[in-house]
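All remarks here apply to the structure that follows.
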Amino acid sequence: MNKILVQGNIEGVVLKSENPINFLGTVDKKTGIISDKNHDLFGKSIANSILVFPSGVGSSVGAYTIYSIKSNNAAPLAMICKKADLTVATGCALANIPVLIISNNEFDSLVNGMKIKINTKSTSPISIL
Amino acid sequence: MELTREEESALKGEQGEIMEMAYRILVATGEATDAEKLIPIEWAHLSGVNYNTIGDAGEEFLLSISKDARVKVKTTLNPMGFDIDNVSNYNLDENFISKQLSIKNSYEAIGVTPSFSCIPYEIFDIPKKNTQVAFAESNAAIHANSYDNLKTNKESAFSALASAITGKSPYSSLRKEDSPNLSIRMKVSNPTELTYGMLGFFAGKVGDTSVNISGLEEMDKRQCKAMCGGMGTSGTCAKFLFGDGDSDCEKIDFDEKEMKNVHDELNTAEKGDIITLGSPQLGLDEISDLAAKLKGRSFKKRCMVFTPRTIKEQARKIGYTNELERAGCEILSDCCTCLTPLINKDNVDAVTTNSIKGAFYLKNSNGVGVNLKSLTEIVEEETQ
């Protein structure tokens, strides 16, 4: 089932990961670079992307990390997940970053580099540009 | 999720940025947990107070909202990192102290009662049966649901803060119903508070949002608190229902073998360099009982006793603090064993405690060894 956790209207380029993200400790607060060597986005910055990943994991304090990267202009433009979790939900609510939860099929149809538009008020909130 | 017209207006920013953010948090939490609407709550209890847990990002966030945010309902909060009365004895760095004081000031500015306690259920009056509250401290949420006839989910620091500012919470999960699909049968005889802490820890691992529990003997306050503290540490489960539950409920035994598994996971040292009592913080009954147990005895090593400031003041008037200090206890308010910066692995290899919750955080956050003993054993073996 699709859900909209935080509303918004934005265009951007997909940065996709197949791994869950632990925001507390594995995302650099200044640059948005993923520092976990075992992560498929290791060394990449999530700044200004439309970040597509399965879900957040780890401590709920990670919500403050999402707030920090937004304050440092290093946050994604939006996040799209397969599973709702409270760290991503509350962190993006604090930072006012749109968050959508989508089905497995929709998740599979999004690929790296794809330019998409998100409009949470629309009947089809994600459109490929 | 259905919102009223006023809630929609707040979410659009028509009632200011703080309200907009608070409603955004409630809606995001509500959508994530399949809530159908928001409902009023009468009391919020906040976590996210200790600088060790929320760090610079938390401190900066609270400072930024402290100018405009104000709580709408009674709001209490968790312990911080130290007791302001004796912080100079503990060699904490200046940065920690100044950041912690900034966090304290921000919470006070937004109207939070500076209780710095993880046992709000013991130091404030309990509202009438079935009152909806929003408790972010896990042991307090479990105690409220299981023993105090209140209703709360295990809130996050952020959902509880948003509830404090708006007076509302998403109507989902334990606020609506509790129908556990699992029953735990207590099979360990002669339990102490340590046994109940391990039972709670086990229940938190196997339970979903609530569990039935049977086979309990009459429990004192210390044992009830230990069970709630243990459960809050190991999972997302936030309520005990007492009894066997429905016949189609899956049954699991908590026996000597399961207890040994928990003990082996958390007990990592043969002995401790210091002792801590409290996590959850000690209430007046426990302080009184401890004073009686220590009559004519004194500790052979440091013993830190954590209790809320209001309890410490009552205990002083009755004379308990004198008794405890004579026996060598350091009595600390406003803070607790969990995530304390007062215990540092550079100076301490291992800590003796009767708290399962304390043990978990000492091991995983402070990185020190843990030696588990019941209070009776601690008094027998560590005092003379």
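Quick one: how many residues across region B:275-292 are surrounded by 15 or more Cβ atoms within 10 Å (Cβ to Cβ) and assigned to a helix (DSSP H, G or I)? Matching residues across region B:275-292 total 7.
For region B:193-222, a residue qualifies if it is surrounded by fewer than 21 Cβ atoms within 10 Å (Cβ to Cβ) and part of a helix (DSSP H, G or I), and the qualifying residues are B:Lys205, B:Val206, B:Lys221. Taking every residue in region A:1-23 that is among the small types (Gly, Ala, Ser) and pairing it with any residue that is outside any strand (DSSP E or B) and at pLDDT 95 or above, at least 6 positions away or on another chain, the pairs with Cβ-Cβ distances below 6 Å are A:Gly8/A:Pro98; A:Gly8/A:Thr120; A:Gly12/A:Leu77; A:Ser17/A:Asp40; A:Ser17/A:Leu41; A:Ser17/A:Phe53.
Condition check ((1) farther than 18 Å from A:Ile4 by Cβ; (2) within 9 Å of chain B (Cβ to nearest Cβ); (3) touching a strand residue (DSSP E or B) at 6+ places or on another chain (Cβ under 9 Å); (4) buried (at least 23 other Cβ atoms within 10 Å of the Cβ)) across all residues:
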{"position": "A:Ser59", "(1), (2), (3), (4)": "yes, yes, no, no"}
{"position": "A:Thr65", "(1), (2), (3), (4)": "yes, yes, yes, yes"}
{"position": "A:Asn72", "(1), (2), (3), (4)": "yes, no, no, no"}
{"position": "A:Leu77", "(1), (2), (3), (4)": "no, no, yes, no"}
{"position": "A:Lys83", "(1), (2), (3), (4)": "no, no, yes, no"}
{"position": "A:Val88", "(1), (2), (3), (4)": "no, yes, yes, yes"}
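Would you confirm, using the coordinates I've provided, whether A:Leu86 is under 10 Å from the mean Cα position of the chain (by Cα), closer than 26 Å to B:Ile54 by Cβ and not hydroxyl-bearing (Ser, Thr, Tyr)? No, not satisfied.
Per-residue answers, yes or no, for (1) under 27 Å from B:Ile356 (Cβ atoms); (2) assigned by TED's automatic domain parsing to the domain that holds B:Lys225; (3) modelled with pLDDT of 95 or more:
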site	(1), (2), (3)
B:Asn91	no, no, no
B:Gln100	yes, no, yes
B:Lys104	no, no, yes
B:Gly111	no, no, yes
B:Phe124	yes, no, yes
B:Pro127	no, no, yes
B:His143	yes, no, yes
B:Asp148	yes, no, yes
B:Ala160	yes, no, yes
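Just a yes or no: is a residue in region B:333-341 touching a Phe, Trp or Tyr at 6+ places or on another chain (Cβ under 9 Å), closer than 24 Å to B:Ala140 by Cβ, part of a helix (DSSP H, G or I) and charged (D, E, K, R)? Checked against the condition, which is being touching a Phe, Trp or Tyr at 6+ places or on another chain (Cβ under 9 Å), closer than 24 Å to B:Ala140 by Cβ, part of a helix (DSSP H, G or I) and charged (D, E, K, R), region B:333-341 yields no hits at all. Can you pull out every residue in region A:65-81 that is without any contact (Cβ under 8 Å) to a residue 40 or more places away in the chain and not hydrophobic (A, V, I, L, M, F, W, C)? Within region A:65-81, A:Tyr67, A:Ser68, A:Lys70, A:Ser71, A:Asn73 meet the criteria. Candidates are the residues of region B:39-90 that are in contact with a Pro (Cβ under 6 Å, 6 or more places away or on another chain) and not polar (S, T, N, Q); the one that is farthest from the other protein chains (Cβ to nearest Cβ) is B:Glu42.
One line per residue, one yes/no per condition, for (1) assigned to a loop (DSSP other than H, G, I, E, B); (2) more than 30 Å from B:Lys251 (Cβ to Cβ); (3) under 20 Å from the mean Cα position of the chain (by Cα):
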| residue | (1), (2), (3) |
| --- | --- |
| B:Leu101 | no, yes, no |
| B:Ser106 | no, yes, no |
| B:Cys118 | yes, yes, yes |
| B:Tyr121 | no, no, yes |
| B:Asp125 | yes, yes, yes |
| B:Lys129 | yes, no, no |
| B:Ile142 | no, no, yes |
| B:Lys154 | yes, no, yes |
| B:Ser179 | yes, no, no |
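Among residues of region B:66-84 that are modelled with pLDDT under 95, those with a Cβ under 9 angstrom from a residue that is assigned to a loop (DSSP other than H, G, I, E, B), sequence gap 6+ or separate chain, pair up as B:Ile84/B:Ser333; B:Ile84/B:Asp334. Filtering region B:244-263 to residues that are assigned to a loop (DSSP other than H, G, I, E, B) and modelled with pLDDT of 95 or more leaves only B:Asp255. The residue list B:Thr53, B:Thr76 contains one member that is in a helix (DSSP H, G or I) and buried (at least 17 other Cβ atoms within 10 Å of the Cβ), which is B:Thr53. Which members of region A:16-53 meet the condition of being under 11 Å from the mean Cα position of the chain (by Cα) and either under 24 Å from A:Lys115 (Cα atoms) or small (Gly, Ala, Ser) (or both)? Within region A:16-53, A:Lys16, A:Ser17, A:Pro20, A:Ile21, A:Ile46, A:Ala47, A:Asn48, A:Ser49, A:Ile50, A:Leu51, A:Val52, A:Phe53 qualify. Reported count of residues in region B:79-109, each being hydrophobic (A, V, I, L, M, F, W, C) and buried (at least 21 other Cβ atoms within 10 Å of the Cβ), is 3.
Put simply, of B:Lys168, B:Lys257 the only residue that is surrounded by 24 or more Cβ atoms within 10 Å (Cβ to Cβ) and basic (Lys, Arg) is B:Lys168. Among the candidates B:Gly283, B:Gly272, which residue alone is closer than 30 Å to B:Ser183 by Cα and modelled with pLDDT of 95 or more? Testing whether each residue is closer than 30 Å to B:Ser183 by Cα and modelled with pLDDT of 95 or more leaves just B:Gly283. If you go through region B:156-177 and keep only what is among the small types (Gly, Ala, Ser) and in a helix (DSSP H, G or I), you end up with B:Ala157, B:Ser159, B:Ala160, B:Ala162, B:Ser163, B:Ala164, B:Ser173. When B:Ser172, B:Ser163 are checked against the criterion of being within 14 Å of chain A (Cβ to nearest Cβ) and touching a strand residue (DSSP E or B) at 6+ places or on another chain (Cβ under 7 Å), a single residue qualifies: B:Ser163.
Starting from residues that are more than 10 Å from every other protein chain (Cβ to nearest Cβ) and assigned to a helix (DSSP H, G or I), keep the ones in region B:8-38 and report whichever is surrounded by the fewest Cβ atoms within 10 Å (Cβ to Cβ). Here the residue is B:Glu8.
The values are calculated or read from the model by the stated rules, or taken from the named source; none is laboratory data. Given the structure is predicted, the values throughout are model-derived calculations rather than measurements. Positions of Cβ are backbone-derived with ideal geometry, glycine not excepted, and every protein chain shown enters the neighbour counts.
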